[in-house]
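**Q** Please read through the structure below; I'll follow up with questions.
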Amino acid sequence: MSHSVQRLRLVIRGAVQGVGFRPFVYRLATELGLRSWVLNSVQGVFIELEGEPPTLQRFVKRLYVEKPPRASIQSMEQSVLEPVGYTGFEIRHSEHTGEKTTLILPDLATCPDCVREIFDPTNRRYRYPFTNCTNCGPRYSIIEPLPYDHPNTTMKAFNMCARCREEYENPLDRRFHAQPNACPECGPHLELWNEQGGVLAQHDTALRRAAEAIREGHIVAIKGLGGFHLVADARNEQAVSTLRERKRREEKPFALMYPSLHLVRVHCRVNEAEERVLVSPESPIVLLRREQDDVAPSVAPNNLFLGVMLPYTPLHHLLMHELGFPIVATSGNQSDEPICTDEHEALQRLAGIADLFLVHNRPIARHVDDSVVRVLMGRELLLRRARGYAPLPVLVKEPLPPLLGVGAHLKNTVALSIGRQVFISQHIGDLETPQALQAFRRVITDVKALWEHQPQAVACDLHPDYLSTQTAYQMGYSVVPIQHHAAHVLSCMAENEVEPPVLGISWDGTGYGTDGTVWGGEFLLVTTASFERFAHLRPFRLPGGDRAVKEPRRSALGVLYELLGERALEVVGHLFTDSERRLLLHMLRQGIHSPVTTSAGRLFDAVASLVHGRQVVNDEGQAAMELEFLAHRVRSDEAYPFALLDGCPYVLDWSPTVQAILEDVRSGVEPAQIAVRFHNTLVEMMVAVARRAGLERVALSGGCFQNAYLTERAVRRLSEAGFRPCWHQRVPPNDGGIALGQVVGAGWFYTNASHESRG
Ligand code: ZN
Ligand code: ZN
Ligand code: FE
């Protein structure tokens with residue numbers, strides 16, 4: 001990639017005010033020849049820098065290492081934006097960023113000072129699993145909103161002892177005003193429970209016995225920061241496959257916690273940016289390319305990547321130190337339910353899954369899952385935004401009225417705008433189970449209470465059947481439905497601060513279109529306050545509708561039926577039983593239970609089915625993911641033919657592509673070759689449409705852009721063709737980003753409406 005000038009925005013929270021931080025930033029920026037400004041506000045210190053990417057990264061590195069001794073960085077968010085042409089260094093004065101809002105920090109991973117203390121036998125917090133200070137520890141997961149008062153924390157049940165109180169009141173102490181400050185004498189403690197909740201051990205013995213049980217191959221439920229983990233020895237195939245069976249989770253990869261960065265490096269490929277994310281205060285799960293690991297096959301079957309995190313609480317540090325090997329640390333829930341947070345509830349919900357329960361008596365105010373990050377082109381790409389990130393706001397350019405976005409159906413999050421800030425909730429999950437729906441409603445109540453704002457309107461998806469949509473209409477506010485793919489594009493534009501007009505490429509599995517059909521391979525022209533469907537993939541029928549999500553062979557049949565009619569069965573007929581064939585053909589002929597779709601996700605599934613015989617999957621996107629893994633294996637710039645058909649909207653015809661793929665399959669071309677050519681073709685389709693649209697700005701959003709090969713290549717090819725593509729960083733490209741897009745879309749609607757009424 002060429003080293004053109006970029007603008008880097010850093011939002012830093014922590015003890016950075018009044019400790020010589022701004023002069024330090026000035027010196028460092030000047031020394032590196034970076035043009036910039038810095039601004040203090042209640043929401044943190046904002047720094048913007050312009051320069052070449054390597055210099056910007058040097059700045060970030062040195063900022064951590066050389067910062068003034070009294071300054072400490074609790075959290076630092078980075079986003080890369082379009083340069084605006086700063087000329088020097090400037091200290092800006094607190095601008096009015098809209099209304100004052102309470103600053104609620106996310107939960108922060110244990111800082112190095114606290115880690116040192118818990119491993120120091122002379123320290124009074126030696127081996128104390130709830131050690132924390134102003135720079136680290138629980139925040140969002142323990143804050144309780146109280147009406148007409150400042151927020152309280154779930155630590156209110158614990159009275160600080162004299163020594164903790166002294167630290168808390170001493171402005172020179174690292175624990176000055178650290179709300180959850182505690183020690184072995186006055187703070188929470190551990191217990192090890194059996195399946196009935198009987199206490200087997202307490203305090204350090206509980207931890208050591210839990211470690212022992214894990215070493216012996218047992219499954220232990222551990223109450224952590226934002227909820228329970230289910231933990232097992234990651235090297236022990238028996239333990240891991242038992243966990244899979246009990247959790248009823250068939251193939252979706254398990255996240256791992258490693259004892260050290262060193263061991264992560266032995267097992268996986270780790271670049272500089274990935275390392276920075278792994279050890280950051282956010283400490284998310286990072287998807288890393290596997291190299292030479294010794295984890296059990298059942299951890300991440302058929303997966304090129306491992307989801308890896310490092311210990312982020314003292315409890316985890318002590319446990320991992322005891323074990324010295326990687327553990328599976330998957331969310332404590334049954335299949336798709338939200339993560340469990342209460343130990344008594346855990347006994348019921350995790351009954352039959354966990355053998356033992358390592359619990360503590362610090363209540364968790366709200367569930368916060370582990371975040372998931374993938375590093376793409378040197379930048380973070382959040383796939384799941386929760387611990388470490390939520391509930392930090394995304395700053396938008398223009399102030400918005402208070403609006404609530406309730407998200408879509410899968411990977412749900414909600415968002416609330418106040419002035420220029422949009423607060424995005426933690427990941428809630430798929431609204432498939434009563435528990436998930438309950439959690440969704442709880443988070444809505446919670447978000448309104450935390451920021452003490454009633455929304456002026458509620459934005460939701462256009463899909464009438466989504467439970468989130470139905471909830472929106474039951475809330476008693478006015479409702480603004482926003483089309484799914486438009487919301488994807490708006491969220492991408494918002495976090496990149498990109499103004500319309502923009503060509504949005506919005507590709508995912510499914511979304512309700514304005515014509516009532518299933519969209520998913522969309523090119524939207526977004527102008528102020530409106531969007532137009534500029535182009536889409538050629539539609540095909542999905543026999544059996546939603547069932548196709550878990551059966552790529554159905555997508556294959558639908559695609560081939562569009563192409564070959566009933567002769568499709570000559571190609572894929574063998575994938576079905578006689579009765580299935582009859583039924584599916586009947587559906588396709590009559591057009592019943594076979595919705596028309598332009599879904600890029602389903603096109604991926606169809607090709608995956610044809611290329612590597614993935615016929616049935618357990619999770620949406622799994623077949624597509626495996627196709628991506630194949631594409632990573634070979635290097636090629638070859639692409640298949642396709643056609644762009646004139647019309648309004650334009651139609652991208654994939655039939656020459658699929659025809660060529662069938663020929664390649666027939667003549668025995670390597671699956672990896674076909675996969676890479678298919679990916680390349682999709683990117684050339686994007687370039688072709690972008691040329692037709694003729695807009696410089698192109699925004700890439702939707703679940704398909706979790707695919708690193710597709711996204712990187714699209715960015716490269718679009719840039720080469722003279723476009724300026726932007727993609728997601730801090731907000732997920734999948735449906736986790738929809739709530740932000742809805743709020744922005746509703747905001748536009750309101751701004752426009754008020755303009756109209758004025759004019
Ligand atoms: Zn600390
Ligand atoms: Zn104490
Ligand atoms: Fe989507």
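Just so it is clear, none of the values below were taken in a lab; they were calculated from the coordinates. Predicted, not measured: the structure shown is a model, and the values here were computed from it. Counting neighbours? That spans all protein chains shown, and the Cβs are built from the backbone with ideal geometry, glycine included.
**Q** Gap in Å between the Cα centre of the stretch 200-248 and the Cα centre of the stretch 348-422?
**A** Measuring centre to centre over Cα atoms gives 25 Å.
**Q** While we're here: Lys and Arg at +1, Asp and Glu at -1: add these up for the other residues within a Cβ distance under 13 Å of Ala568 and post the number.
**A** +3
**Q** Can you check what the net charge comes to around His229, using other residues whose Cβ is under 11 Å from the Cβ of His229 (Lys, Arg +1; Asp, Glu -1)?
**A** Taking every other residue near His229 into account, the sum is -1.
**Q** With unit charges on the beta carbons (Lys and Arg positive, Asp and Glu negative) and the dipole taken about the Cα centre of the chain, which residue among Trp519, Val11, Ser36 sits farthest to the positive side?
**A** Farthest along the dipole direction, towards plus: Ser36.
**Q** Rounded to the nearest 0.05, what FRET efficiency do Lys156 and Arg215 have when you use their Cβ-Cβ distance and R0 = 60 Å?
**A** Numbers: r = 37 Å, r/R0 = 0.61.
That gives a FRET efficiency of 0.95.
**Q** Enter the mean projected area of the convex hull around the alpha-carbon atoms of the chain, in nm², rounded to one decimal.
**A** Computing the convex hull of the Cα atoms and averaging its projections yields 32.8 nm².
**Q** Hey, another quick one. Counting other beta carbons within 10 Å of each residue's own, what order do Lys223, Lys156 fall into, fewest first?
**A** Ascending Cβ contact count within 10 Å gives the list Lys156, Lys223.
**Q** Under 5 Å between amide hydrogens, which residues at least 5 positions from Leu537 or on another chain qualify, with H placed 1.01 Å from N in the peptide plane?
**A** Gly521, Leu652
**Q** Please give the helix 434-450 orientation as an angle from the longest Cα principal axis of the chain, in degrees from 0 to 90, rounded to the nearest 10.
**A** That helix lies at roughly 60 degrees to the long axis.
**Q** Another question, then. Considering the options Leu172, Phe158, Gly227, tell which one lies farthest towards the positive end of the dipole of the stretch 127-257, charges being +1 on Lys and Arg and -1 on Asp and Glu at the Cβ, about the Cα centre.
**A** Gly227
**Q** Compute the FRET efficiency between Tyr64 and Lys550 as 1/(1 + (r/R0)^6), taking r as their Cβ-Cβ distance and R0 = 56 Å, and round to the nearest 0.05.
**A** 0.80
**Q** List the lysines whose alpha-carbon lies under 24 Å from that of Lys247, not counting same-chain residues fewer than 8 positions away?
**A** Result set, ordered by chain and number: Lys223, Lys411, Lys550.
**Q** What distance in nm lies between label points placed 7 Å from Cα along the C-beta direction at Asn302 and Gln435?
**A** 2.6
**Q** Working out 0.36 nm times the residue gap between His189 and Glu720, then minus their Cα-Cα distance, what length gain in nm do you get to one decimal?
**A** Going from the current span to full extension adds 185.4 nm.
**Q** Please figure out what share of the DSSP beta bridges in the chain is antiparallel and state it in percent, rounded to the nearest 5.
**A** 75
**Q** By count of other Cβ within 10 Å, fewest leading, how are Val489, Val80 ordered?
**A** By the 10 Å Cβ count, ascending: Val80, Val489.
**Q** List the cysteines of the chain that have no other Cys Cβ closer than 4.7 Å: which are they?
**A** Cys114, Cys133, Cys164, Cys183, Cys268, Cys340, Cys460, Cys492, Cys648, Cys704, Cys726, each lacking another Cys Cβ under 4.7 Å.
**Q** For the stretch 273-325, rounded, prolate or oblate, judged on the Cα gyration tensor with a ≥ b ≥ c (square roots of eigenvalues), a/c < 1.5 rounded, else prolate if a/b > b/c?
**A** oblate
**Q** If you take the square roots of the eigenvalues of the alpha-carbon gyration tensor of the stretch 547-618 and sort them as a ≥ b ≥ c, do you get rounded (a/c under 1.5), prolate (a/b over b/c) or oblate? Don't skip to the end; give the middle numbers.
**A** Details: a/c = 1.42, a/b = 1.20, b/c = 1.19.
Judged from the Cα gyration tensor, the stretch 547-618 comes out rounded (a/c under 1.5).
**Q** While we're here: Can you figure out the FRET efficiency of His203 with Glu712, using R₀ = 56 Å and their beta-carbon distance, to the nearest 0.05?
**A** Efficiency, rounded to the nearest 0.05: 0.70.
**Q** Okay, moving on. About the Cα centre of the chain, what is the dipole size in debye to 20, counting +1 per Lys and Arg Cβ and -1 per Asp and Glu Cβ, all else neutral?
**A** Values: 79 positive and 87 negative charges, 184 e Å.
So the magnitude is around 880 debye.
**Q** Okay, next question. Along the charge dipole of the chain, pointing to its positive end and built from +1/-1 on Cβ of Lys, Arg, Asp and Glu, which listed residue (Ala693, Pro671, Val498) has its Cα farthest out?
**A** Val498
**Q** Please report Glu626, Glu638, Glu495 as a ranked list, fewest other C-beta atoms within 10 angstrom at the top and most at the bottom. Please list the in-between numbers first.
**A** Numbers: Glu626 22, Glu638 10, Glu495 28.
Starting with the residue having the fewest Cβ neighbours, the order is Glu638, Glu626, Glu495.
**Q** Multiply the residue separation of Arg116 and Glu275 by 0.36 nm, subtract the distance between their alpha-carbon atoms, and state the gained length in nm to one decimal.
**A** Between Arg116 and Glu275, full extension yields 55.2 nm more.
**Q** Quick check: net charge around Ser141, other residues with Cβ under 13 Å of its Cβ, Lys/Arg +1 and Asp/Glu -1?
**A** Residues near Ser141 contribute -1 overall.
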